[in-house]
Amino acid sequence: MAKLSLRRYDVQARVSVFLSLASIVFLIGLAVLVGRHMNLRETMILYNPNGLRAPLIYGFGLAALGLGAAGFGLGMNSAGQRRNDKPLHSWIGFFVGAFGMTFALVGLYLFLKWKEPIPL
């Protein structure tokens, strides 16, 4: 069988870690884009409706959500398998993917509920 086949559980474990860490990179970008113009006192996030901020926020959020879900799923699938010689990688991918998915949903929800379009 090929060395990098996703049918092998140890390969799934390693790939889950990489995908989950990639979701964290997109999550950091989402946090920067959302937090940069957030006003907590008035519970609003200001953005220009004609600018690129809103599409970037949705893109980063969906990328973080998708990569986190893929890392979560591969980590969950390979975690308890007997042929997996890297169970720690499976658990890291599982928990980091869950973290990435959760906070991507929180960031997208905050932007959807608190966004205030103003021409800048």
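Screening residue 77 on (1) part of a helix (DSSP H, G or I); (2) closer than 13 Å to residue 17 by Cβ; (3) more than 16 Å from the chain's Cα centre (by Cα); (4) in contact (Cβ under 8 Å) with a residue 60 or more places away in the chain shows it passes everything except condition (2).
Only one of the numbered conditions (1) surrounded by fewer than 18 Cβ atoms within 10 Å (Cβ to Cβ); (2) more than 12 Å from the chain's Cα centre (by Cα) is violated by residue 28, and that is (2).
Is it true that residue 46 is hydrophobic (A, V, I, L, M, F, W, C) and either part of a helix (DSSP H, G or I) or touching a Gly at 6+ places or on another chain (Cβ under 7 Å) (or both)? So residue 46 does not fit the description; no. In the set 19, 46, 88, 62, only one residue is crowded, with 20+ Cβ neighbours inside 10 Å and modelled with pLDDT of 90 or more; that residue is 19.
The values are calculated or read from the model by the stated rules, or taken from the named source; none is laboratory data. This one's a predicted model, so the numbers in the text were calculated from it and none came from an experiment. Cβ sites come from the backbone with ideal geometry, for glycine too, and all protein chains shown count toward neighbours.
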